[in-house]
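The values are calculated or read from the model by the stated rules, or taken from the named source; none is laboratory data. Here the structure is a predicted model, which is why all the values come from computation and not from measurement. Note that each Cβ is placed from the backbone with ideal geometry, even for glycine, and that neighbours are counted across all protein chains shown. Ligands, DNA and RNA are stripped out before the accessible areas are found, and what is left, the full protein with its side chains, is counted by its heavy atoms. Shrake-Rupley method; radii C 1.70, N 1.55, O 1.52, S 1.80 Å.
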Amino acid sequence: MQSIITPLTEIARDDLKLFEALHNKDAEGKPRTKLLRVAYDQFIRPEQREQELDWSYSNLSQMYQAGYAAGQALCRDHAAELGLA
């Protein structure tokens, strides 16, 4: 599992850097939009860290809940920017 997820994570990070460098700049080189990042790490308990890549239903459920909580926090923290206020 790790041999699949680790490269995919790095590819996603590289894609984000490419987007920022190539597509998110105006003619003056300034960012066109502010990119919001979902920080799901803060929603994962320290004891879960060792099992993040475990391929099990219980881990899937825990990671889903962490992602959902992170998404809710992002919407709450950036409500005005997202047009939710």
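Worth a mention:
- Candidates in the stretch 18-31 are the residues that are exposed (fewer than 10 other Cβ atoms within 10 Å of the Cβ) and either in contact (Cβ under 8 Å) with a residue 24 or more places away in the chain or not hydrophobic (A, V, I, L, M, F, W, C) (or both); of these, the one that is farthest from Trp55 (Cα to Cα) is Glu28.
- Candidate set from the stretch 32-42 (those that are farther than 17 Å from Glu81 by Cβ and either modelled with pLDDT under 85 or assigned to a strand (DSSP E or B) (or both)); member that is least open to solvent (accessible area, probe 1.4 Å): Asp41
- Screening the stretch 1-31 for residues that are assigned to a loop (DSSP other than H, G, I, E, B) and not charged (D, E, K, R) and picking the one that is nearest to Ala80 (Cα to Cα) gives Asn24.
- Selection count, the stretch 45-80, where residues are surrounded by 12 or more Cβ atoms within 10 Å (Cβ to Cβ), over 20 Å from Ile4 (Cβ atoms) and of a type in the set (Asp, Glu): 1
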